[in-house]
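Down below is the structure, laid out as structure tokens.
The values are calculated or read from the model by the stated rules, or taken from the named source; none is laboratory data. A quick note: this is a predicted structure, and the numbers were derived from the prediction, not measured. Ideal geometry is used to build each Cβ from the backbone, glycine not excepted, and the neighbour counts take in all protein chains shown. Note: accessible area is taken over every heavy atom of the protein model, side chains too, but ligands, DNA and RNA are not part of it. Shrake-Rupley method; radii C 1.70, N 1.55, O 1.52, S 1.80 Å.
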Amino acid sequence: MMGGAGPLLQRLDELVRPSVTLAVDGQVVTALEGDTVLTAVLLHGAALRQSEFGDGPRAGFCLMGACQDCWVWTEQGTRLRACSTPVTAGLRIVTREVPWPRLG
Amino acid sequence: MAAPRVIVVGAGPAGTRAAEVLVAAGLRPVVIDEAADNGGQIYRRQPAGFRRRAEELYGTEAGRARAVHGAFSALRGRIEHWPQSLAWQLRDGTLQVERGGRAHRLDFDRIILATGATDRLLPIPGWTVPGTFSLGAAQIALKAQACAIGRRVIFLGSGPLLYLVAAQYVKAGAQVAAVLDTAPAAARRAALPLMAVRPSLLIKGAALLWRLKRAGVPVHHGVAPLRIEGDSRVSGLVFRDAAGREQRLEGDAVGMGWHLRAESQLADLAGCTFAFDEVSRQWLPRIDADGRSSVDGVYLAGDGVRLAGADAAELGGKLAARAVLQDLGLPPPAGIDAEQLRRSLARMERFRQGLAVAFPWPGDIIAKLSDDTLVCRCEAITAGTLRRSATALEAPEMNRAKAFTRVGMGRCQGRFCGIAGAEILAAARGEPMQAAGRIRSAAPVKPLAVAIEVETP
Amino acid sequence: MAAVNQSDVLILGGGMMGAATAFFLRQRGVSVTLLERGLCGQQASGVNFGNVRRQGRFLPQLPLANRSRLLWSRLPELLGEDVEFLPTGHLRVAYRPEHLAMMEEYRDGSRNYGLELEIIGGNAARDRYPWLSQEVLGGSFSVEDGHANPRLVAPAFARAAKRDGARIVENCDVVAIECEATGFRLESAGGEVWRAPVLQVSAGAWGGRIAASFGEAVPIIARGPQMGVTEPVPYALHPVLGVTTKTVGEVVYLRQVTRGNIVFGGTGHGPADLDTRRAKVMPEITLQQFSQLRRMVPAIGALRIIRTWSGVEGYLRDDRPVMGPSGKVSGLFYAFGFCGHGFQLGPGVGEVMAELIATGSTTTPLAPFHIGRFA
Ligand SMILES: Cc1cc2nc3c(=O)[nH]c(=O)nc-3n(C[C@H](O)[C@H](O)[C@H](O)COP(=O)(O)OP(=O)(O)OC[C@H]3O[C@@H](n4cnc5c(N)ncnc54)[C@H](O)[C@@H]3O)c2cc1C
Ligand SMILES: Cc1cc2nc3c(=O)[nH]c(=O)nc-3n(C[C@H](O)[C@H](O)[C@H](O)COP(=O)(O)OP(=O)(O)OC[C@H]3O[C@@H](n4cnc5c(N)ncnc54)[C@H](O)[C@@H]3O)c2cc1C
Ligand code: FES
């Protein structure tokens, strides 16, 4: 019933928007224009990142840029605050590894 | 003489009304907001391309939302609007702003801080499990993204936003498992005399409850949350009901919050004096009736200082702007009756006191949290660690506890653990919460990119 | 009643210097009372960068620094607490040949003091530390230096001293000091009185005012080194890092804690105020530090900083502390004004001052730090 894999968030409305493709942990994910990175990732899975201190996965908390719990990494090694960054085509997000320090 | 430079931080209802008054007096203020668009929290705008009407987004407040948005639109071209700009440091007449990856230094003659509020939280075991969000987050998911935070949502907390968001979820077609209010039912009856000063809001509140009842959503008063269950995602919530029975609710999401906490970092950095506010159980910048802080040139308005709601924020914004004009020696703005604004604010203040009686901050629940509860989400610091710093290490207040344990030292700078942390620390020392003080703010008020570009003169 | 506030030694100031002296005096069985205006370790000692570094110091200070370094390894045993000391090594890099030459010269000099430094070329350094930038020409590595958590050390010394019988009085602002026939009489803002035949002034940046009141004015100014810290990332930068340069704007130093945050400082100081007891963080300096951080470790450019701070530190004109007996008043001792590098010295200063006070002399040479040099 509850739990297991699958999305955290549920879309209720505003379904008619152009779609945008991004990658999350190597998997292709389709989002809609106007989605935040947080929305796009959590409509697909249940985590944005792992806590640095070993207490498990995190998926954001405040959605208003206050708690800073939603910072994600891109494959390229850049940082995005997922709740306040709109998706753009071609984004490649990683939620499990931390690509730091990137060399060269 | 060059026109005085006035900055407004925040483009919510308070900032919008403040800017409006300044523009009417012939000034051209800089309006800075981190958000992509104006509106602030309550009148937050949905992204371009979304089609829901104001009535769907803002319900009974649609008219006000339109009015505030309209007022802001009318200012375009007459203000310098800096959206997506973070004010990260304020001191000695200079504001530091990050905009589009560049550092800007803005000197000002006067500044109005209309920075609003965020949810006030208390920790419970499991509140970091994915699927747990703040109440504000639950509302933003709906307003700005047309999403629910889960398939079956449990709402927990206290305060008007608890019922409002639950009702908005019901209306949007989401499944609400239950509303769990930590306030006992009797508290609301005790608060009625104070709250009667704003009957229309009382009626709105009753309508929300009625809508929840009609939708068959169970509402429990006087609960004590025990834990959120689930490893990698929420599976349910266990609480003790008013009769003392343990109950478990099935759900895949929790929206939790206990009213609001003022976003007051910039005022703190500016050096404003704070005082403990018994009503909201938090430290707030001190202002005079019109919003002048203890620091010359720094004014405050809205939920960042009064926590009296959106209508009060609009009035506070007008009063603060009027005070700015007065202090600059400019003629008073037409059409603003300061006396009447102050009277209205005083009435709203009574209502705010009523709300605090009706939906009290559950200090007793926090004091009793188990030692393994994570208090500081950012640094993963437990209640037990915090208590040990209070006892074995003799930390008398939050900054000392922070130095020893790292509580409040993380990315959010104590926004989400500071108030509850003070409660835990004070309880461990057998003192009232205010004795634990407040975590001093530090720049940058939010994380700042090391890659920021600096203009080289 | 008056006898209650009598001890063999009074220590004014509960930073690292005062707290460590109190601790080591108790090890020698001397009765000691420490008076601290706020809480122990709340000023410079609690907010500094945390560098436990010997390389780069004024050479005649190395005997003291070496003695302190030995104590750093023993702190868990001595104090019964972990202060997060990590002997990770300390690497200073150079961007220009003339600075490499300075490093070599320093290495040759420090050898006589028992400090072994290894000079490595840029490529060798990058082989070892692949995150170093291409601009690094070379570096000097001190294998036994490291870093610790400044927020923990002075309070831990004070607790251990208390455990061993010292009297630690916090929230005690000393407002009057008098010399009497039998020694010193100190009075707090609260009107309490303390007496002892021996007084140590370890009042940090405030020490200059007290020395002046004994007719021993010194050229000291208060300034605030500028600190910042990034969000946590995987532990990768193991040694503490610094730069050898003659240009202040190029100075940056950083260390990563095992939890992941990178603490940094450099490129200049801000103003510090003895009366408000606070030092300002200058945003311009923070921004300047960013470019120097990226210059040394480009990967830091991907990160965000989450906090900045500063602290009140006392700097003498010749960049050396005031340490040792007074030149004028018998029974009076000084240990203040550590010029931005007292953290590493703290345990050693405590042990040396305790030795000096208890026995009348110390095996560690202190002559270069005597207050008489300004007379
Ligand atoms: C999530 C949430 C939902 C709410 N929903 C309701 C509701 O439905 N009904 C209700 O009556 N009340 C609600 N409230 C209360 C509501 O916030 C207010 O009463 C009202 O929005 C206050 O207006 P304001 O102008 O004071 O602040 P806000 O509307 O919060 O505006 C403050 C603005 O300042 C900006 N800002 C803050 N700090 C900085 C900075 N350092 N740099 C740049 N910009 C900055 C923010 O981005 C924000 O846009 C809600 C509060 C929250 C937190
Ligand atoms: C930001 C910063 C970064 C630094 N980085 C490093 C580093 O990386 N490595 C390093 O080795 N060093 C560093 N230092 C220097 C180091 O922190 C200091 O040299 C050292 O802590 C000094 O210790 P102290 O005990 O002399 O002074 P303090 O820690 O300042 O203690 C003096 C105490 O005396 C008390 N006092 C003063 N007047 C009175 C009075 N009248 N009555 C009662 N009490 C009084 C004060 O309240 C204070 O607690 C740094 C300093 C700062 C500020
Ligand atoms: S979810 Fe809180 S900052 Fe993004």
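Note on region A:36-104: enclosed strands (runs of 3 or more DSSP E) holding 3 or more residues that are without any contact (Cβ under 8 Å) to a residue 60 or more places away in the chain and more than 9 Å from ligand 3 (Cβ to nearest atom) are A:71-74. In region B:379-457, counting only helices (runs of 4 or more DSSP H) that sit wholly within it, the ones holding 3 or more residues that are open to solvent by less than 10 Å² (accessible area, probe 1.4 Å) and either modelled with pLDDT of 95 or more or at positive phi (or both) span B:383-391, B:418-428.
I need the full set of residues from region A:68-78 which are within 11 Å of the chain's Cα centre (by Cα) and facing another protein chain (nearest Cβ under 8 Å), in order please. Correct list: A:Trp71 only. One residue is enough: does region B:238-246 have a residue meeting the conditions among the hydrophobic types (A, V, I, L, M, F, W, C), assigned to a loop (DSSP other than H, G, I, E, B) and more than 12 Å from chain A (Cβ to nearest Cβ)? Scanning region B:238-246, I find at least one residue that is among the hydrophobic types (A, V, I, L, M, F, W, C), assigned to a loop (DSSP other than H, G, I, E, B) and more than 12 Å from chain A (Cβ to nearest Cβ), so the answer is yes.
Taking C:Arg159 as the residue in question, decide whether it is assigned by TED's automatic domain parsing to the domain that holds C:Thr33, within 30 Å of B:Ala442 (Cα to Cα), in contact with a Gly (Cβ under 9 Å, 6 or more places away or on another chain) and more than 14 Å from ligand 2 (Cβ to nearest atom). When the stated conditions are applied, C:Arg159 passes them. Tally the residues that are crowded, with 23+ Cβ neighbours inside 10 Å and small (Gly, Ala, Ser), restricting the search to region C:267-286. Residues in region C:267-286 being crowded, with 23+ Cβ neighbours inside 10 Å and small (Gly, Ala, Ser): 2 in total. For region C:287-309, the tally of residues that are in a strand (DSSP E or B), open to solvent by 20 Å² or more (accessible area, probe 1.4 Å) and away from chain A (no Cβ under 14 Å) stands at 1. Candidates C:Leu100, C:Leu115, C:Leu91, C:Leu70: the one that is open to solvent by less than 40 Å² (accessible area, probe 1.4 Å) and part of a helix (DSSP H, G or I) is C:Leu100. Restricting region C:133-144 to residues that are without any contact (Cβ under 8 Å) to a residue 60 or more places away in the chain and outside any strand (DSSP E or B) leaves a set whose member that is nearest to ligand 2 (Cβ to nearest atom) is C:Val143. None of C:Ser45, C:Ser7 is polar (S, T, N, Q) and touching a helix residue (DSSP H, G or I) at 6+ places or on another chain (Cβ under 8 Å) except C:Ser45. Candidates in region C:244-262 are the residues that are more than 14 Å from chain A (Cβ to nearest Cβ), open to solvent by 10 Å² or more (accessible area, probe 1.4 Å) and in contact with a strand residue (DSSP E or B) (Cβ under 7 Å, 6 or more places away or on another chain); of these, the one that is nearest to ligand 3 (Cβ to nearest atom) is C:Arg255. Where strands (runs of 3 or more DSSP E) fall entirely within region C:145-234, those with at least 3 residues that are within 30 Å of C:Glu250 (Cα to Cα), under 22 Å from the mean Cα position of the chain (by Cα) and not aromatic (Phe, Trp, Tyr) are at C:220-230. Residues of region A:19-38 that are more than 16 Å from ligand 1 (Cβ to nearest atom) and facing another protein chain (nearest Cβ under 8 Å): A:Glu33, A:Gly34, A:Asp35.
Picking from residues in region B:1-39 that are within 16 Å of ligand 3 (Cβ to nearest atom) and closer than 25 Å to B:Arg322 by Cα, the one that is most open to solvent (accessible area, probe 1.4 Å) is B:Glu34. Considering only region B:40-60, I want to know if a residue exists there that is under 26 Å from B:Val254 (Cβ atoms), buried (at least 17 other Cβ atoms within 10 Å of the Cβ) and more than 14 Å from chain A (Cβ to nearest Cβ). Within region B:40-60, one or more residues are under 26 Å from B:Val254 (Cβ atoms), buried (at least 17 other Cβ atoms within 10 Å of the Cβ) and more than 14 Å from chain A (Cβ to nearest Cβ).
The requirement of being within 14 Å of chain A (Cβ to nearest Cβ) and open to solvent by 40 Å² or more (accessible area, probe 1.4 Å) is fulfilled somewhere in region B:139-154, by at least one residue.
Residues that are under 18 Å from the mean Cα position of the chain (by Cα) and of a type in the set (Gly, Ala, Ser) within region B:295-342 comprise B:Ala301, B:Gly302, B:Gly304, B:Ala308, B:Gly309, B:Ala310, B:Ala312, B:Ala313, B:Gly316, B:Gly317, listed in sequence order. Within region C:336-355, the set of residues being over 19 Å from C:Gln43 (Cα atoms) and open to solvent by 10 Å² or more (accessible area, probe 1.4 Å) comprises C:Glu351, C:Glu355. The strands (runs of 3 or more DSSP E) located wholly in region B:1-88 that include 1 or more residues which are farther than 26 Å from A:Thr85 by Cβ occupy B:6-9.
Of the listed requirements (1) over 30 Å from B:Val295 (Cβ atoms); (2) open to solvent by 10 Å² or more (accessible area, probe 1.4 Å), B:Asp109 misses just one: (1). Looking only at region C:263-289, residues that are without any contact (Cβ under 8 Å) to a residue 12 or more places away in the chain and either of a type in the set (Gly, Ala, Ser) or out of contact with any strand residue (DSSP E or B) (no Cβ under 6 Å at 6 or more places or on another chain) (or both) come to 3 in all. Tell me, yes or no, whether region C:33-42 has at least one residue that is buried (at least 16 other Cβ atoms within 10 Å of the Cβ), away from ligand 3 (no atom under 16 Å from the Cβ) and within 14 Å of the chain's Cα centre (by Cα). Yes: one or more hits. Of the candidates C:Asn66, C:Asn123, the single residue that is polar (S, T, N, Q), closer than 27 Å to C:Val322 by Cα and outside the structural domain of C:His370 (by TED's automatic domain parsing) is C:Asn66.
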